[in-house]
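Visitor: Encoded as structure tokens, here's the structure I'll be asking about.
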Amino acid sequence: APEVVSLVKKQAEDLRSGASQKNGEEVTDEATSKIDNVNEKSAVKAANGSSSTPSSSSSSKVKVPFTKEELSALAKGVKKFPPGGANRWDQIAHYVNNLCRPADPRTKEECIETFNQVNKTVKAQRNGGSTAVPAKTAEAANTETSKPPEENSSGWSSEQDQQLQNGLAKYPATMEKNERWTKIAQEVPGKSKKECVQRFKEIRNAIKAKK
């Protein structure tokens, strides 16, 4: 009987030992699996981080504002290349780059954007705002838009005709003639005093002819 009890105890200890060893193996396998998962996630994260680095570092080019010299060249280019010409803004950009020789050549998109900004500033100035844009640039910009205005056979746009009419109404005929037409011409950017007088005579004659 004592031998049987001793044998049973031994078998029980063997079973416990085998079970704990098995549990230990399972724990080890589970830990190894978790470590592998962590390593895999770390590798993926590192790969993603390295792939996203170039895109973040390759930031877009910073826009540099036009200098006074470039604004002046832009105004001259706008006058030199009138609306309706082929590749007008390409020619204007080329003209600005040739005159000013900027480190980074100006694109036609930059010229159009700057021109539109100047045009808005000029309108704000006329409504009582202020601007630091050179007068010549503002004056030239006010005669143009990024899209060519409609022009009649005389070379005057409908906008310029309206500006002439506004000038005539603003400065009455009671003023000294030379001073009056100088003021009126200032209301029609892009047109000289002589051109304004000539246009006025054309309109007046056309009205008389209709009567």
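The values are calculated or read from the model by the stated rules, or taken from the named source; none is laboratory data. In this text the structure is predicted, and so the values were computed from the model without any measurement. No Cβ is skipped: glycine too gets one built from the backbone with ideal geometry, and neighbour counts run over all protein chains shown. What goes into the accessible areas is simple: the full protein's heavy atoms, side chains included, and nothing from ligands, DNA or RNA. Shrake-Rupley method; radii C 1.70, N 1.55, O 1.52, S 1.80 Å.
Visitor: Measuring from centroid to centroid over Cα atoms, what is the spacing of region 155-205 and region 67-96 in Å?
Guide: 26 Å
Visitor: Using alpha carbon coordinates only, what is the Rg to Rh ratio of region 150-211, with Rh defined as the Kirkwood radius?
Guide: 0.96
Visitor: Moving on. Cα-Cα over 21 Å: which of LYS79/LYS201; LYS170/LYS201; LYS123/LYS194; LYS76/LYS193; LYS76/LYS191?
Guide: LYS79/LYS201; LYS123/LYS194
Visitor: How would THR174, THR182 rank on accessible area, largest to smallest, probe 1.4 Å?
Guide: Sorted descending by solvent-accessible area, the residues read THR174, THR182.
Visitor: May I ask you to derive the FRET efficiency for ARG101 and LYS183 from their Cβ-Cβ distance with R0 = 45 Å, giving the value to the nearest 0.05?
Guide: 0.70
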